[in-house]
Each structure stands twice: as structure tokens, then as C-alpha cells.
Amino acid sequence: LKIVDVIIVGAGPAGSALAALLARDGYDVLLLEKGRFPRDKVCGDLVSSKGLKFLADLGCYDEIARREFVPIRSSSVHLDGRVLSRGTLPVLPNHPPFGHAVPRIELDEIVFREAVASGARVLEECTVLGFEAGDAGVAVDGAIRGRRFRFFGRLVVGADGASSAIARCAGLEVRDARYVQLAMRAYCDGLPLEHAVLSFDEEFFPGYAWIFPISRTRANVGVGMVKESVRKDGIRLRRFYDRLVDFLRRQAAEHGVKVEISPPAGWPIKTYGGARRNYFERGLLIGEAGCFVDPLSGEGIPLAFETAAMAAETIRAAFAAGELGAAALAGYEQLWRRRYDADLGLSDLVVSLIRNRQFAKVWIRWLRVMGMTAVRDGEYATQVGGVLAGLVPNREVLSPSVLVKSLAHGPLFWMEAFDVSATKPLPDLLKRGAEMAQWERAVAASISRDPSWFGEWALEIGVKQLDVLRKTFLGR
Ligand SMILES: Cc1cc2nc3c(=O)[nH]c(=O)nc-3n(C[C@H](O)[C@H](O)[C@H](O)COP(=O)(O)OP(=O)(O)OC[C@H]3O[C@@H](n4cnc5c(N)ncnc54)[C@H](O)[C@@H]3O)c2cc1C
């Protein structure tokens, strides 16, 4: 009976990176993957400079550079089809000065091949069904083309993504619709573009749309939305996607080109608000299986790599101590909480706020104020763009300097922000006043229709706000 040191379930970026790291240290690693490479994974494909840095450290960057993806150095934010702001993305020290959109059918195979080259043993087309932990180790059950197999290891790591069988089996599965986003993705050929586009639309807020250029004429395009809004507010993701397609066709017409768009594919995203302890008796969850995705930017690839590195550190320490039970693995939770809690807690708070569509008009107006400020202040644009791209710590949007810059404008700015004409302000002011009164009545009516949802939401915001303030300013 062969017992390996670590069984890793899922060969996405998280699982393959961990397999490479541990195999290089001499651990006996078995990587089980239900697909066969090359295989696709529905994603925006954007690998920020943080992700590229990790790939370089792992030894995978040369292969990516060889494929000549467009270097993404700037981004624009659109609101209701119009450009709100444009800006360059921040450059982090010792990181490549750009990101790339790398189709997952290519990226995942590159990292997987690195795991194999590092000495990990791999089994493709093996669907893991569950595991049992005992005193001597773990037994992992899988099926290969209908036949059941049992694999034995000292530890198991769930790197099996949004619908993780290992999380489910460990009792750590997250189904809360507040922490799940639903997304659709397609590939668009023909539109020349070299910067990332993020787009919002009042009708579908808090949904977001993206266009990430892969090559000079091919882009990954898609839309995402919090599942709770899809359910509670009846927002149709498909209609939002159709709006994005209209936008792409209009852009193509402006460039005098024709675009071809592949059929869209859908997939859920599990975000950080749902992250639980992520360790259990003889095992850990990494990457999206552990909800390690920034709720605001939807970025999960760098977090998949980072949590793989944290898991490797925890596993090395546990083997060195000769203790592999849950208590010996608890250090993993400390590592990721220290790294993410303040920042991704803030992202989660922002998404919790904007999830309340009763206030969508307020959030949209605030987005507009930020966009207008960004147009006037390049440094501000880089900072805010960096937060949306996951490159700048989210707490920087809470910094007094950003707040002051957002608010310190003259009357003409505010008139423009509220669509009030500078020459004939009175009719517009009266119109805005009437709109405000109508909106207040609508909010009051909607609260009285569903007071318990509103009460729970207000409580959630209060608790999360205190938590973020404590973690940001007291560091715990
Ligand atoms: C539409 C969309 C857009 C996104 N855009 C971006 C983006 O632009 N940039 C970014 O950084 N992040 C983005 N993300 C998030 C990103 O895709 C994930 O966070 C990332 O893939 C997580 O990597 P992972 O290795 O943890 O999991 P995954 O990439 O999901 O890999 C899990 C692996 O486990 C395998 N598996 C699953 N179940 C089993 C099983 N039972 N047995 C064996 N194998 C199994 C799967 O086949 C897969 O290979 C997006 C997500 C979505 C859905």
C-alpha cells in the first residue's frame, strides 16, 4: 500500500503551483485532476503583475513571454456606455510593469507542466468524490472513467476550485449567495485594443463587465454579478451580457471593423467574504476552494498562487514537527488572515454595500465623482485603477488623501457631477430635487416591503465596518 506525503486535488493554478513547490522540496506529491490538459477554465484570464511575478519565481514566465500576449499597462472605466476615466496601472517594485490576459487553456497547462517537471506525480481524468481522515492519514476516493479508486496520503489539499468536493467533505463548503458571483465569459475577435476595460451600467449595478485584450485583436470579455442580486432583484445576467455585446459591436463600428464573439460560458466565483478557517483534520483548502478571490476585482489567480505558497510553508512546518492534525495546520489560517483580512475584508464590505440596489443611484453617483476626479488627477487615477486591478491595497481607497481628493472640488465640479447646467442651473436643480424625493419614496417603499432583509443588511454593514476599521487601524 503506497502512502504519499500530500494528495492535491485539482490542477488549476493553486494545485499545480503547490505541487511544484512541494515536489521541489522532495515531498512525495500526487496531483489528481478531473480534466485532461490542455483544458479550459471560464475566467477573465487577466494575470496582474503580481501573478506574473509569482509565475516568474516558479520558472514559468519565459514560456508566457514567448507567446507575446499584449502587455496591459492601462485601464479605462466606463459608465452606461461612456468613458468615465482612463489611467495607467501602478507599477510595483520588482514586478513586471504590466499584466497579461493569458487564456486559461494555456496558463493552466504551463503551470501543470511545471508541476510535472518538478517531480509531482499526476493523474488526469480522475474526479475526486470525497475523503476520510483518520489517525494514520487520509483516504481520498476518486473515479477514473467510471472506475472507483482509493488513494492514501498523509495530508490532503483541496485546490479544486469553486465547487470543491474537498471543501464539501470537510464541512467548509460556502453556499451563501452574498459570497458567490455569477459570471459569463466569451472571446471577442477583431476589436483592436491594448488596455483593460471595466464597465458599469446603472440598470445592472452592482454587476460589472470587462474587456481584457489578449492579442492585438483578440480579447476576453464578460460580465459578473453577485448571486444574491440575481436572485433577490431578478437581475438577468444574460441581458447584461447582451448589453456588453451591443457595446462591443458599437466599438467595432467606431473602429470600422467587424467582430466575432464566441458563445458565452458561465461559471460561479466564490469570494473572500465566505472564507472560513480553511484547515481541517489532515488537510487545507487553497485558491478558490477556500474562497480566496477579491470580491471587488474578481481577481483570484495571484491569490491561488499566494495561498499555495502559504500552504507549502504550513505543510513544511507540520512535517518538520511530525504533527499533521488540524492543530498543527492552524498556522495556515493565521498566515492568510494576516495577509488578506484588512484588504479583502474592505473589498467585501464595499461589495456588501453596493449589493443593496436601493442605493444604486448613490453608488453610481459616487463612482462618477471618482471617475471625474481621476480625469483631473493622474496619480488618483493610478491609485483607484490599481485597486480595481488588485495591485494597490484596497485600504488605500480609505486613505484620507483619496477621500480629500474625491471631495475637494469647486462648485462647477459638483454641478457637472450632478448634471446641473452651469448657465441655467435652476431647472436642473429642481429636477434633481424631484428625482431625490422620488428616490426617497421608492427606498421607503422597498424597505417596508422587505424590512427584515434591510435590517439584516444594515446589521451586516455595521458589523463589517467595525471589523474593517479594527483590522485596518489596530491591525487585528
Ligand atoms: C468568469 C470569471 C472571471 C474571472 N476573471 C479573473 C481574472 O481575470 N483574473 C483573476 O485573477 N481571476 C479571475 N477569476 C477567478 C479565477 O478564475 C479563480 O480564482 C482561479 O481559477 C482559482 O484557481 P484555483 O486553482 O483555485 O481553482 P481552479 O482554477 O478552478 O482549478 C480547480 C481545478 O480543480 C479541478 N477539479 C475540480 N473538482 C475536482 C474534483 N472533484 N476532482 C479532481 N479535480 C477537480 C478542476 O478541473 C480544475 O482544474 C475569474 C473567475 C471567473 C469564474
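The peptide list 260-267, 65-72, 31-38, put in order of mean Cβ contacts within 10 Å with the highest first, becomes 31-38, 65-72, 260-267.
I need the peptides 103-112, 426-435, 12-21 ranked by packing, meaning the mean over residues of other C-beta atoms within 10 angstrom, with the highest value on top. Can you show the working numbers first?
Values: 103-112: 21.5, 426-435: 11.8, 12-21: 30.8.
Answer by packing, highest mean first, reads 12-21, 103-112, 426-435.
Taking Cα centre as origin and charging only the Cβ of basic (Lys, Arg, +1) and acidic (Asp, Glu, -1) residues, the dipole magnitude of the chain rounds to 660 debye. Taking a straight Cα-Cα cut-off under 12 Å and skipping sequence neighbours fewer than 8 places away in the same chain, the aspartates and glutamates within cross-link reach of Lys431 are Asp419.
Residue separation of Ser215 and Gln438 scaled by 0.36 nm, minus their Cα-Cα distance, works out to 75.6 nm of gained length. Please give every one of the aspartates and glutamates within straight-line cross-link reach of Lys2, meaning a C-alpha to C-alpha distance under 13 Å, and leave out same-chain neighbours fewer than 8 residues apart. Straight-line reach from Lys2, under 13 Å: Asp28. Using Cα-Cα distances under 8 Å and only pairs 6 or more residues apart, what relative contact order does region 236-389 have, in percent? Relative contact order, region 236-389: 19 percent. Every helix of 4 or more DSSP H residues in the chain counts as -39500 (n - 2.57), and over all residues that averages to -14000 deg cm²/dmol at 222 nm.
In the chain, taking the dipole from charged Cβ atoms about the Cα centre, the farthest positive-side position among Gly207, Val293, Ser406 is held by Gly207.
Dimensions of the chain from C-alpha coordinates, computed as largest minus smallest value along each principal axis and given longest first, are 84, 51, 43 Å.
Taking only C-alpha pairs under 8 Å that are 6+ residues apart, what is the relative contact order of region 1-153 in percent? If you can, show how the numbers build up before the last one.
Details: 263 pairs, mean separation 48.7, N = 153.
Reported as a whole number, the value is 32 percent.
Enter the Cα centre distance for the pair region 345-366 and region 31-60, rounded to the nearest angstrom. So the separation of the two Cα centres works out to 31 Å. Taking 12 Å as the straight-line reach from the Cα of Lys53, the aspartates and glutamates in range (excluding those fewer than 8 positions away in the same chain) are Asp62, Glu306.
Taking amide H positions as modeled 1.01 Å from N, with prolines and chain starts lacking one, the residues under 5 Å from Leu79 and 5 or more places away or on another chain are Leu84, Phe200.
Quick one: if the Förster radius is 30 Å, what FRET efficiency do Leu407 and Lys232 give, using the C-beta to C-beta distance and rounding to 0.05? Please list the in-between numbers first.
Values: r = 32 Å, r/R0 = 1.06.
With a Förster radius of 30 Å, E is 0.40.
Per residue, the accessible area of the chain comes to 44 Å² when a 1.4 Å probe rolls over the protein heavy atoms. Taking 8 Å as the Cα distance limit and 6 or more residues as the minimum spacing, I'd like the relative contact order of region 71-212 as a percentage. Dividing the mean separation by the residue count of region 71-212 yields 26 percent. Could you look at the chain and say what percent of its accessible area is carbon and sulfur, using a 1.4 Å probe and all protein chains? Carbon and sulfur: 56 percent of the exposed surface of the chain. Taking each of Lys50/Lys227; Lys41/Lys270; Lys50/Lys270; Lys232/Lys471; Lys227/Lys270; Lys232/Lys270 in turn, the alpha-carbon distance tops 22 angstrom for Lys50/Lys227; Lys232/Lys471.
The values are calculated or read from the model by the stated rules, or taken from the named source; none is laboratory data. Fair warning: this is a prediction, and the values are worked out from it, not measured in the lab. Ideal geometry is used to build each Cβ from the backbone, glycine not excepted, and the neighbour counts take in all protein chains shown. Areas reflect the complete protein model, heavy atoms only, side chains present, ligands, DNA and RNA absent. Shrake-Rupley method; radii C 1.70, N 1.55, O 1.52, S 1.80 Å.
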